[in-house]
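Before any comments, here is the structure.
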Amino acid sequence: MPEHWASWDLHVELGGEGGRRRRLEDALRDAVRTGRLAPGTRLPSTRGLAHQLGLARGTVSAAYDQLAEEGYLTIRAGSGTTVADVPQPVPASATRPGAPAAPRHDLRPGLPDVSAFPARAWLAATRRVLAAARPDVFGAGDPQGHPELRTALAGYLGRTRGVVAGPDRIVVVSGYYQGLSLLSGVLAASGTRTAAAEDPGHNLFRDVVRRAGITVRPLPVDHHGARIDALTSGTGAAFLTPTHQYPTGVPLHARRRQALTAWARATGAVVVEDDYDGEYRYDRQPVGALQGTAPDHVVYCGTASKTLGPALRLAWLVLPPHLVAPVVRAKQEADLYTETLGQLVLADLIAGHAYDRHIRAARLRYRRRRHLLLDRVAALPGLTAHGVPAGLHTLVTLAAGGSTEERLLAACARRGVAVRGLTELHHDPAGRPEGVLVGFAAPAERAYPAALDALTGAFTQARLL
């Protein structure tokens, strides 16, 4: 037996009730959960561990297989058995005061499956970038964004989203949140006093606009998207999600798209288009970006947070010519520039089409997950799914006289399921339709079925209360 296995301490007692296999499974599972067996640790062979513990080899093999099914171990032919990368619990002493505990099943909207991050492609691109990097790459960056990424984005957005812009019209920012903050400040400084935002819509981003000193008025949403007829000549900007309205999921109707751009041209207002998950369309051809129909009046906002991961802090604004210089100045005043190496790596991925391949694979994976979620919702009376042809979430509304949103959210919380309520997204929640937003992207592939089971159990429990 190799020497390093001699000190292995499983704290396993093989006698008593429950059987030796179950006790071995419990001991291994506990060792992985508590971190005593770190991710990547190679376990003894089934023969070696059986000999060490005085068990039948079949018992050890069955225990390994069960834990591999649960995601605790990874078994590869010819490479042995290793501990999988299972998130470890955070000690209470290391938790920030007031920080919410991580949900057991994260089904919040707008989050991608970060376990599917293309690490190999990113590493290969990083090596290419560093091998070819000139010394100035490690110096101060360009507040507008590195030219290589802006050039790559101009080509990519043109062929995949119908965006009309050269690299000179693009500003790279550290996430959509920062981009919206910079843009709102520039609009306020140029005289914009009133803006319209979809109702319901993203309350966090609505607050960003308000903090710039702009009054935000609700723009009602119906089954054809935002009510463009509600826009007035005194409104200086309109913030919309025309491709996949957040949270209802409906695309802006073609006639309303035309009316929106006509309103912007006639009034000189700016339309801010948040294309937050435009890459993810499942049942039909993608809806092109609004910006392509009025590039001098529409600001296009895109991000890598839904395609790669929020941690990269990479997003972009495609601006009308008159807004480029003031937004670049605002970016320089805010934090000088966005980190350069990440920009160059993303540019490499786009240029080599690895970015496209990753998105196509994610689209297939998310389509399967969406179907599974819809099947579960359809089997439960009193619930209706909306906005399903695209995006990373589904809006589930409630029938009159059935469960309440509050009851659904409470039942989900009890089962460790994180979803989001609908009413808080309205400008005035009082008396508005109730429902929950269910994301289907965030859980790792092996964890998704368990998340759906917990969600279904919570919905069933709420209906019976």
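The values are calculated or read from the model by the stated rules, or taken from the named source; none is laboratory data. Predicted model only: the values in this text are computed from it and were never measured. Neighbour counts are summed over all protein chains in view; Cβ atoms, including those assigned to glycine, are modelled from backbone coordinates with ideal geometry. Remember, those area values only see protein heavy atoms, side chains included, never the ligands or the DNA or RNA. Shrake-Rupley method; radii C 1.70, N 1.55, O 1.52, S 1.80 Å.
So with the 1.4 Å probe, I'd like the accessible area per residue for the chain, rounded to whole Å².
On a per-residue basis, the chain sits at 46 Å².
Tell me, how many Å apart are the Cα centres for region 174-191 and for region 299-350?
Each part's Cα centre sits 13 Å from the other's.
Could you tell me what % of all Cα pairs in the chain have separations over 42 Å?
Pairs farther apart than 42 Å: 26 percent.
Test of understanding: what is the full-extension gain from ALA450 to HIS253, defined as 0.36 nm times their sequence separation minus their Cα-Cα distance?
Answer, rounded to one decimal: 67.2 nm.
Before anything else, pin down the relative contact order of region 226-353: Cα pairs under 8 Å, at least 6 apart, normalised by residue count, whole percent.
18 percent
Percent relative contact order of the chain, based on C-alpha pairs within less than 8 angstrom and at least six residues apart?
In percent, rounded to a whole number, it is 19.
Which is the longest stretch in the chain that no exposed loop site breaks, taking sites as GluC sites (Glu not before Pro) with a DSSP loop state and at most 13 other Cβ atoms within 10 Å?
With GluC sites (Glu not before Pro) excluded where exposed in loops, the chain gives 18-465 as its longest stretch.
Using the scaling law 2.2 N^0.38 Å as the reference, what is the normalised Cα Rg of region 227-289? Walk me through the numbers on the way to the answer.
On the way: Rg = 12.2 Å, N = 63, 2.2 N^0.38 = 10.6 Å.
My calculation over the Cα atoms of region 227-289 gives 1.15.
Tally Lys and Arg at +1 and Asp and Glu at -1 over the other residues with C-beta under 15 Å from the C-beta of ASP428: what net charge comes out?
With Lys, Arg at +1 and Asp, Glu at -1, the neighbours total -1.
Can you tell me the length gained on complete extension of the stretch ALA351 to THR82, counting 0.36 nm per residue apart and subtracting the Cα distance?
Full extension from ALA351 to THR82 adds 93.3 nm.
Report, in whole Å, the centroid distance computed from the Cα atoms of region 16-79 and region 215-242.
Their Cα centres are 58 Å away from one another.
With a 1.4 Å probe and every protein chain kept in, tell me what percent of the accessible surface of the chain is carbon plus sulfur. Walk me through the intermediate numbers first.
Details: 11540 of 21520 Å².
Using a 1.4 Å probe with all protein chains present, the chain comes out at 54 percent carbon and sulfur.
Calculate the translational D of region 156-253 in whole µm² s⁻¹ from Stokes-Einstein, where the hydrodynamic radius comes from the Kirkwood formula applied to all Cα pairs, the temperature is 20 °C and the viscosity 1.002 mPa s. If you can, show how the numbers build up before the last one.
Working: Rh = 14.6 Å.
D, rounded to a whole number, is 147 µm²/s.
What nm value, rounded to one decimal, do you get for the distance between ARG211 and ASP283 when each label is placed 7 Å out toward the C-beta?
Between ARG211 and ASP283, the simple spin-label model gives 3.7 nm.
Between ASP375 and ARG159, what is the spin-label point distance in nm, taking each point 7 Å from the Cα along the Cα→C-beta axis?
With each label point 7 Å from Cα toward Cβ, the separation is 3.6 nm.
Rounded to the nearest 20 Debye, what is the dipole magnitude of the chain about its Cα centre when Lys and Arg each give +1 and Asp and Glu each give -1 at the C-beta?
Dipole of the chain, to the nearest 20 debye: 620 debye.
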